[in-house]
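Encoded as structure tokens, here's the structure I'll be asking about.
Derivation of every value follows stated rules applied to the coordinates shown; laboratory data play no part. Just so it is clear, the structure is predicted and the values come from calculations on it, not from any experiment. Note: ideal-geometry Cβ built from the backbone for every residue, glycine included; neighbour counts use all protein chains shown.
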Amino acid sequence: MGVFGENNADVQYWFGRASKLSPMNTPLPSPAPTGVDSPTAASGTVDASKIYGIGDAQVKALDNVTVSFQAGQFTAIMGPSGSGKSTLLHCLAGLDTLTTGATFIGSTYLASLSDKELTELRRTDVGFIFQAFNLIPTLTAEENIKLPMMLGGETGDAAWIDQVVSAVKLDGRLKHRPSELSGGQQQRVAVARALASRPKIIFADEPTGNLDSETGAEILDFMRRAVREFGQTIVMVTHDPGAASYADRVVFVGDGKIVGDLADPTVDQVIDHMKQADS
Amino acid sequence: MSFRSTALLARKSIRARIGRTVAIAFTVTAGVSFVVGSFVLADSMRATFSGLFNELVSDVDLEVRSAEAFAGNSERDPIDASIAEQLSEIEGVDIVEPSLIRFAQILDEDGELVATTGGPALGYSYIGDAGLQGITIKDGRAPIGGEELVVDKATADRVGYEVGDIVSYLTDAGTHEGELVGTIGAVDSDGFLGASVVALDIPTAIEKFGSDGKVDAIDIGLTDGADATAVQAAIEDILPARIEVITGEQLADESQSDVDGFISVFGTGLLIFAFITAFISAFIINNIFQITIGQRLRELALLRAVGASGKQVRRMIVSEAFVLGLVATVLGVFGGIGVSRLILFLFNQAGAGFPDTETILKLRTFIAAAVVGLGVTLLSVFVPARRASTIPPVAAMRPELGFEALKKKQLIIGAIVAAVGVVMLIIGLFVQPGPALSWAALAGAGALALFLGVASVSSTIAAPVTRAIGWPIAKLFKVPGVLARDNVARAPRRTSSSASALMIGVALVSAAAVFASSLRATFTDILDNAITADYIVTDPNFFGLSPAVAESLAALPELEAVTPVRGIGAQVNGDTKGFGAIDPKAFEVLVNPDLQAGKIAGLRPNEVLIHTDPAGDLNKGVGDTIEVLWQNGIEGTLTVAGVYGDATFGNWLISLDTLELVSDAPARDFFIIGKLADGVSAEAGDLAVAAATADFPQADVQTNAEFRKSQEDQINQLLLTITILLMLSIVIAILGIAITLALGVFERTREIGLLRAVGMNRRQLRRSVRWEAVIVSTFGALVGIVLGTFLGIIASLAVPDDIVSKLAFSPMIIIVVLVFAVLAGLVAALYPSFKASNMDVLKAIATD
């Protein structure tokens, strides 16, 4: 690790202190954005490293990654299996913790938060869409959608929820349990849940990985509409160039590092980029 | 934080996992039912008995009887019937009714003894409905004069006696007969709580019962408007020394507290087993929750990911448990009423002769049900719920990270708990601080802590031990056997906790077995060394034998020595002691009491033999005198004539002559021992003894070997009773193994699908699950046997040497327990193996 490791620790320490002293509204120490110019970053990392295991068995899943994701944008993170893309997403979302470095959502640095504050943040500011096992099996579709709000003791914005439900074409399926829904319907419930609380940012981990291409396209189309029409921010991990082409920007990850960045990608551009990375 | 969301999640979860919910609710319900049943039975019996006793004496305003210096264990001295005449002359006295209750055995038409239904065979004095006793005429009328009698209706109906028949009966004064003129019953029942009763008018009773002009007590009814206190004072003035007069209320209170004492012991005994059952169900619920939380890992992590706090996850699980506990409590109250009926039925089948009782539900019973039902469930879910709250949200996508959070080892805590348990147990049993209840509670708590600790620590030996148990199974059943063995060994924590419930049940049975074996060994040792008697004569009804039996035996030339053994209470330095009374000359021949100093045979009136323990405590030796206060209030001085070391016959021995000097109570022999004279064959002796006791059908003559056998039978009976009471716990333990196994099968759905896909047939799969259960139950039984043997040894060492002085083990019981464990495993595997073999292969493989 050497000098960098110590530096990273310092950075984390100072960012942590800064946001503790003035939790919100602290002006961001503008992390250098790679690629697209944008006035506001909804989320990002600074010198983020994540190491699993000890000694010889050490695996560096993230290696000094600094990246930011713009508000109101649909960003895809791509990379081969084991590249660290999922770890990056988990750390960005506050589901997992970094070994060194910092991650932020809006103006909040996650390392400075207690478990309670982190829970609160996940409930109000973050939405999730996973590849599978997105829904609580014992609850109906409607209850699953409202779950984050209910956990906070709120009912949510009924009109907004109605709008979301009809947008994902779930009317009539709301009283069904996950086991009574198709894979595509389950993912639509997951998307609706992620949108229902109007989070600052939605993280999606291979949301179409378990779906056939037609159903997957429907979900991706809807995610893109959520960004265009509702101004939602979405960060999605995928290894499917087709899925990535729905995004406004693609960030390529390899061996725990950012290895490329592409704006307004087409499927061919993404494939080309991947071939370059492989060679 | 929202209660609504937790409540919703909990409710939905209960509904979705209804099978598991029912299983948990059942185990809790069983424990609650047993606790409620114990309370209901004790309360109901108390109400029934005290109601009966109150009614029996409700007409008695005052009673005259001989006084007692302290509450002892022998009968009060009788009083002269002639006092009655003086009493009737006192102003305000309306009815004076002497009462006499003695031994009287009804004979059937062939002259054979009529067995009672659990109670003693009694003779009453009775003056009819005008009297003060709560006895009512059922048919016919009351007896008048020496040729008439009545019998209790229950016995008359059973034997087939009708009014007008001639009935024979046997008393201490011989065999008599009279004409049956009616039937009677206590208050409004047909019988006398299982006793058989023959009743005569007062003069006839005095004559035929051979009471030598005496009666037990004289009951008094006052005229209307008489001042009870004034009458009581007037009576006191004319009474001779050591005769007292008490009110009817006092009399009722006395019988009430006698009943309470008995029922409390009975109820407490049941409660101990009820709490053991509840304790074992706590183990199982804890295990089930622990496993299901592992299975719901991703679901719980997902909840955390979408914004549930750890506290909300914990609250959700606790809410689930709470609802379960509540349902189980309500069901348990109903179940408890059934259990109380069942226990009553079982005890009556065994000949206890309890009356049919009404069902009394007190507030306390409901509170106990809630404490056990909710307490057990909430306590057992405490640790699993706390662990669930530590599952990290990332486990929703990477379950392997979540399992790490669940796998915290708590071995050190387990070891400490076990050690503390042993220390508490040893202090409780050997140091015995404070009153009996406190050290018994300390020892009990120590045993529970030991169980908890061992249950936790046993996971460290689970893998190697189950591999050893599984070795022959793997050899015998090839692939299914190997799979069974490996499945058990790969989750040692789960194996040990699912075996724990059975371990506790088996440990308690084994401890009781070691204790019983030691008790038997000690007893056999006494019969071999301390007592050289060839015959032991007892009264199965515990009413005591007429002295005529011993006299008739003593007259036989075939016997060298015969002595009856009687007893009386006396206070020495304010402490109540039991004194045995014997014929010293015969006693010396029959018993070897390990005499340390002095003599036995020449024991004179007002001399005493004492055991080395009181001799040491009081610092008395041969020739010293000891002041005693006899139970009837007479004070006396005894001279120590000898000191002995064997406590088989108690710590204090006086001669029969001394007993007659200090007590007027009717002489009843607890038992009689006798020895054949030199040169007399056993056959000749048996014949002579049988002839001498032929007139005393209540006397049960046993040879030394028969007596030994019957005592061993009693010990075995005790062991059997304990085992039966532990049965419910063991059934719950088997259920626990079944549930754990079913959950394990569910968890391995994919793996089972794979096994089936590559060619394992249903039968092989069933076999694999079945032997897995057998390995788990055998493991539990083995740990239980080791632990129980340890507990049994400690308990045997802790009790005084005159009860248990030898340690003994029964290999037979160990074999029976192990065979039982294998069977238990097979039973537990029935459902899980069926479930596994009926799985749809395609669906199983597709399971995520």
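List B:ASP201, B:ASP237 from most exposed to least, where exposure is judged by having the fewest other Cβ atoms within 10 Å. Please list the in-between numbers first.
Values: B:ASP201 19, B:ASP237 7.
In order of increasing Cβ crowding within 10 Å: B:ASP237, B:ASP201.
Considering every residue in B:309-319, what mean count of other chain Cβ atoms within 10 Å of its Cβ is obtained? Present the calculation step by step, with values, prior to reporting the outcome.
Working: counts 9, 3, 3, 3, 1, 0, 0, 0, 0, 0, 0.
For peptide B:309-319, the averaged partner shielding equals 2.
Same structure, new question: Need one number: nm distance between label points at B:GLU177 and B:LEU720, each 7 Å from Cα along Cα→Cβ, rounded to one decimal.
3.9
Now, a different point. Multiply the residue gap between B:GLU147 and B:ALA7 by 0.36 nm, knock off their C-alpha separation, and tell me the result in nm, one decimal place.
Details: separation 140, 0.36 × 140 = 50.40 nm, distance 7.98 nm.
Gain on extension, B:GLU147 to B:ALA7, equals 42.4 nm.
Calculated FRET efficiency, A:ASP212 and B:LEU379, Cβ-Cβ r, R0 51 Å, to nearest 0.05? Don't skip to the answer; put the middle values down first.
On the way: r = 49 Å, r/R0 = 0.97.
Approximately 0.55, to the nearest 0.05.
Counting DSSP beta bridges with both partners in the protein assembly as shown, what percentage is antiparallel, nearest 5?
The antiparallel fraction comes to roughly 75 percent.
Now for a different question. For the stretch B:540-698, what is the convex hull volume of the alpha-carbon atoms per residue, in Å³? All intermediate terms of the calculation are to be shown ahead of the outcome.
Numbers: hull volume 18.3 nm³, N = 159.
Once divided by residue count, the hull of the stretch B:540-698 is 115 Å³.
Could you give the length gained on full extension between B:ASP237 and B:ALA691, defined as 0.36 nm per residue of separation minus the Cα-Cα distance, in nm? Don't jump to the answer; show the numbers that get you there.
Numbers: separation 454, 0.36 × 454 = 163.44 nm, distance 5.15 nm.
Residue separation times 0.36 nm, minus the Cα-Cα distance, leaves 158.3 nm.
I'd like the per residue volume of the convex hull spanned by the Cα atoms of the stretch B:636-730, given in cubic angstrom. Walk me through the numbers on the way to the answer.
Numbers: hull volume 22.0 nm³, N = 95.
Taking the convex hull of the Cα positions in the stretch B:636-730, it is 232 Å³ per residue.
Can you compute the modelled spin-label distance between B:TYR831 and B:PHE670, with each label point 7 Å from Cα toward Cβ, in nm?
For B:TYR831 paired with B:PHE670, the spin-label model returns 5.2 nm.
Along the Cα-to-C-beta direction of B:ASP227, a point sits 7 Å from the Cα; which residues of the stretch B:27-61 have their amide N less than 20 Å from that point?
Counting only backbone N, you get B:61.
Sorted from largest down, what three extents in whole angstroms do the Cα atoms of the stretch A:130-279 have along their principal axes?
50, 28, 26
Right, here's the next one. Just tell me which lysines come within less than 26 Å, Cα to Cα, of A:LYS257; anything on the same chain fewer than 8 places away is out.
A:LYS50, A:LYS60, A:LYS85, A:LYS200, A:LYS275
Can you give the Rg to Rh ratio of the protein assembly as shown, both from alpha-carbon atoms, with Rh computed by the Kirkwood formula? Before the final figure, lay out the partial values.
Numbers: Rg = 41.8 Å, Rh = 36.5 Å.
Ratio value, two decimals: 1.15.
Which chymotrypsin sites (Phe, Trp or Tyr not before Pro) does the stretch B:21-121 hold that lie in a coil by DSSP with at most 16 other beta carbons within 10 Å?
On the way: sites: B:PHE26, B:PHE34, B:PHE39, B:PHE49, B:PHE53, B:PHE70, B:PHE103; in loops: B:PHE70.
Of the chymotrypsin sites (Phe, Trp or Tyr not before Pro), the ones in loops of the stretch B:21-121 whose Cβ has at most 16 other Cβ atoms within 10 Å are B:PHE70.
Something else now. Report the Rg/Rh value for the stretch B:415-457, based on alpha-carbon coordinates and the Kirkwood definition of Rh.
That ratio is 1.03, to two decimals.
What is the average number of partner chain Cβ atoms found within 10 Å of a Cβ in B:8-14? The partial results should precede the final answer.
Details: counts 6, 7, 1, 1, 7, 4, 1.
Across the residues of B:8-14, the mean count of other-chain Cβ atoms within 10 Å is 4.
Mind checking which lysines have their Cα closer than 25 Å to the Cα of B:LYS709? Skip sequence neighbours fewer than 8 apart in that chain.
B:LYS675, B:LYS806
Give me the percent of DSSP beta bridges within the stretch B:540-698 that run antiparallel, rounded to the nearest 5.
On the way: 26 of 34 bridges.
Bridges in the stretch B:540-698 that DSSP calls antiparallel: roughly 75 percent.
Round to a whole angstrom and tell me the spacing of the C-alpha centers of the stretch B:525-565 and the stretch A:112-170.
So the two Cα centres are separated by 87 Å.
Let me have the relative contact order for the stretch B:59-248, percent, based on Cα pairs under 8 Å that are six or more residues apart. Display every interim value, and only then the final one.
Working: 442 pairs, mean separation 69.2, N = 190.
Once divided by the residue count of the stretch B:59-248, the mean separation gives 36 percent.
For the pair B:ASN838 and B:GLU747, what calculated FRET efficiency results from E = 1/(1 + (r/R0)^6), where r is the Cβ-Cβ distance and R0 = 22 Å, to the nearest 0.05? Intermediate values should be presented prior to the final figure.
Values: r = 17 Å, r/R0 = 0.75.
In this case the efficiency is close to 0.85.
Return the ratio Rg/(2.2 N^0.38 Å) for the stretch B:1-125, where Rg is computed over Cα atoms only. Walk me through the numbers on the way to the answer.
Numbers: Rg = 29.3 Å, N = 125, 2.2 N^0.38 = 13.8 Å.
Relative to the rule-of-thumb radius for its length, the stretch B:1-125 sits at 2.13.
How big is the shadow of the Cα convex hull of chain B, averaged over all directions, in nm²? The partial results should precede the final answer.
Details: hull surface 175.4 nm².
Convex hull of Cα atoms, orientation-averaged projection: 43.9 nm².
To continue, here is another question. Across the Cα atoms of the stretch B:59-248, what radius of gyration and what greatest pairwise Cα-Cα distance (Dmax) are found, in Å?
17.1, 54
Taking the Cα-to-Cβ direction at B:ARG467 and at B:THR576 and moving 7 Å from each Cα, how far apart do the two end points lie in nm?
6.2
By how many nm would the segment from B:SER710 to B:ALA597 lengthen if fully extended, with 0.36 nm per residue of separation less the alpha-carbon distance? List each step's numbers first, then the result.
Working: separation 113, 0.36 × 113 = 40.68 nm, distance 3.41 nm.
Stretched fully, the B:SER710-B:ALA597 segment lengthens by 37.3 nm.
Return a whole-number percent for the relative contact order of chain B, with Cα pairs under 8 Å and 6 or more residues apart as the contact set.
Details: 1621 pairs, mean separation 131.9, N = 848.
Taking the mean separation of contacting Cα pairs over the length of chain B, I get 16 percent.
Starting from the Cα of B:GLU207, move 7 Å in the Cα-to-Cβ direction to define the label point; list residues of the stretch B:96-127 whose amide nitrogen is under 14 Å from there.
Correct set: none at all.
What are the DSSP H helices in chain B that stretch 18 Å or more along their long axis, judged by alpha-carbon atoms, and whose average Kyte-Doolittle hydropathy comes to at least -1.0?
On the way: long enough: B:3-16 (19 Å, 0.04); B:18-56 (53 Å, 1.11); B:248-295 (68 Å, 0.86); B:310-349 (54 Å, 1.16); B:363-388 (36 Å, 1.43); B:411-426 (23 Å, 3.06); B:436-457 (31 Å, 1.86); B:459-490 (26 Å, 0.45); B:492-529 (51 Å, 0.66); B:704-747 (62 Å, 1.11); B:762-798 (53 Å, 0.95); B:811-828 (25 Å, 3.00).
Within chain B the helices that satisfy the rule are B:3-16, B:18-56, B:248-295, B:310-349, B:363-388, B:411-426, B:436-457, B:459-490, B:492-529, B:704-747, B:762-798, B:811-828.
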